[in-house]
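Inspection log for the structure reproduced underneath, given as C-alpha cells.
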Amino acid sequence: MESTRITVDELKERMDRKEEFAFVDTRNPKAWTEAETKLPDAIRIPADEVDEHLDQIPKDRTVITYCT
C-alpha cells in the first residue's frame with residue numbers, strides 16, 4: 001500500500017474533479033470527542049487500531065486519513 005501526503009488544496013482540487021474518496025478519521029477518542037468539526041461520512045478508526053479494522057477501509061477508492 002502506497003502512502004502519500006497531500007495538502008488541503010490538493011484534496012480540494014481532486015474533490016472538484018469528482019474523485020471518489022473514503023475518509024478515515026484517525027483521531028484518538030479524546031480528540032474526536034472534543035472536535036468541533038467531524039466529517040459525517042468518515043470512517044472513524046483511532047490510529048492505534050487501524051490494523052485491527054483494515055476490513056472496514058474500502059479498497060476500491062483512494063483513502064484519505066486525517067487526525068489532529
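Readers should treat all values here as calculations from the given coordinates under stated rules, not as data from a laboratory. Remember, it's a predicted structure, so these values are computed and weren't measured experimentally. Here the Cβ positions follow ideal geometry from the backbone for every residue, glycine too, while neighbour counts run over all protein chains shown.
With n ≥ 4 as the cut-off for DSSP H runs, can you work out [θ] at 222 nm for the chain, using -39500 (n - 2.57) per run divided by the number of residues, rounded to the nearest 500?
Value at 222 nm, helices only: -5500 deg cm²/dmol.
What net charge do the residues around residue 60 carry, taking every other residue with its C-beta under 13 Å from that of residue 60, with Lys and Arg at +1 and Asp and Glu at -1?
0
With log10 I(q)/I(0) by the Debye sum over Cα atoms at q = 0.24, 0.27, 0.28 Å⁻¹ defined as stated, name the option among [x] -1.07, -1.17, -1.19; [y] -1.10, -1.36, -1.45; [z] -1.23, -1.40, -1.43 computed from the structure displayed.
For log10 I(q)/I(0) by the Debye sum over Cα atoms at q = 0.24, 0.27, 0.28 Å⁻¹, the calculated option is [z].
Under 19 Å Cα-Cα from residue 30, which aspartates and glutamates qualify once same-chain neighbours fewer than 8 residues away are excluded?
48, 49
For residue 38, which aspartates and glutamates qualify as cross-link partners when the Cα separation must be under 16 Å and same-chain residues fewer than eight apart are set aside?
Within reach: 25.
Find me the longest stretch of the chain that has none of the exposed trypsin sites (Lys or Arg not before Pro), where exposed means in a DSSP loop (not H, G, I, E or B) with at most 16 other Cβ atoms within 10 Å.
39-58
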